[in-house]
1. Using a/c under 1.5 as the rounded threshold, could you call the range 19-104 rounded, prolate or oblate? The axes a ≥ b ≥ c are square roots of the C-alpha gyration tensor eigenvalues, and prolate needs a/b larger than b/c, oblate otherwise.
2. Going by the alpha-carbon gyration tensor, a ≥ b ≥ c the square roots of its eigenvalues, is the range 95-197 rounded (a/c under 1.5) or, if a/c is not under 1.5, prolate (a/b greater than b/c) versus oblate?
3. Would you mind computing, in nm to one decimal, how far apart the modelled labels at residue 106 and residue 85 are, each placed 7 Å from Cα along Cα→Cβ?
4. First check a/c for the chain, with a ≥ b ≥ c the square roots of the eigenvalues of its C-alpha gyration tensor; if it is under 1.5, answer rounded, and if not, answer prolate when a/b is larger than b/c or oblate otherwise.
5. Please state the relative contact order of the range 21-79 as a whole percent: Cα pairs under 8 Å, 6+ residues apart?
6. By average Cβ neighbour count within 10 Å, what is the ranking of 163-170, 101-108 from highest down?
7. Under a crude label model (7 Å from the Cα following the beta-carbon direction), how far is residue 176 from residue 162 in nanometres?
8. Around residue 27, which amide H atoms from residues at least 5 apart in sequence, or from another chain, sit under 5 Å from its own amide H, with H modelled in the peptide plane?
Amino acid sequence: MDSVRGDWLSAQEVGVNGSRIVGFCGNSWRPARSRVLVEAVAADLLTHHALKTDILDLVDAGQGIAAFTRNGLDDRARDLVEAIEHADGLVIGCPVFQGSYPGLFKHVFDLIKPGVLRNRPVLLTAVGGGLRHSLVVEHQLRPLFGFFEACTVSTAIYASSDELASGGPLAPMIAARLANAVEQFAALVGDRRANAA
């Protein structure tokens, strides 16, 4: 992606159903398996709820995201942080390494203003090397967004790398969880839009 800002501004102008949904994948390379689940969520949101999702990867921010403070961010990194802050709903795709989220993924949220995600619908997905990493969703991601007072949907989606390796359709159990999570997320986005009207 040449410019996060260009894509984000066009998303603001179009705004399907008046909502800006951002998918943020915490991967620093492409292609990445953590993006597979976010893309599947985005497809389901569009097909069943007419909600368009703009998907951004950590790699879109470039090396500037490693700045120690928000003031030190370059334009690309600042655009990514602001896209997250201004979204009406977030779909998070988190790779899991050594039993936790990557440091740069967490660093992005260290740069987010504490109150800006309050009551924001958030759908959590994560991909790790095996089942032993699955608790990262409940023990790390959900508390992270709890700090921001965001509204994480009750159903989260975790998949192991092997389950996404083939490039084929999602396993039935994962697909069922995804459909349930999308329903919950779309309902929260609809409630937020109705309350803002």
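Values in this text are rule-based calculations from the coordinates and carry no lab data. Since the model is a prediction, treat every value here as computed from it, not as a measurement. With ideal geometry, Cβ positions are generated from the backbone for all residues, glycine too; neighbour counts draw on all protein chains shown.
1. Working: a/c = 2.39, a/b = 1.36, b/c = 1.75.
Judged from the Cα gyration tensor, the range 19-104 comes out oblate (a/c at least 1.5, b/c at or above a/b).
2. On the way: a/c = 2.57, a/b = 1.27, b/c = 2.02.
It is oblate, given that a/c is not under 1.5 and a/b is not larger than b/c.
3. Result: 2.2 nm between the two label points.
4. Numbers: a/c = 1.40, a/b = 1.08, b/c = 1.29.
Rounded shape, in that the Cα axes give a/c under 1.5.
5. 34 percent
6. Values: 163-170: 12.1, 101-108: 17.5.
So the order, starting with the most tightly packed, is 101-108, 163-170.
7. The modelled label-to-label distance comes out at 2.1 nm.
8. The answer is 58, 59.
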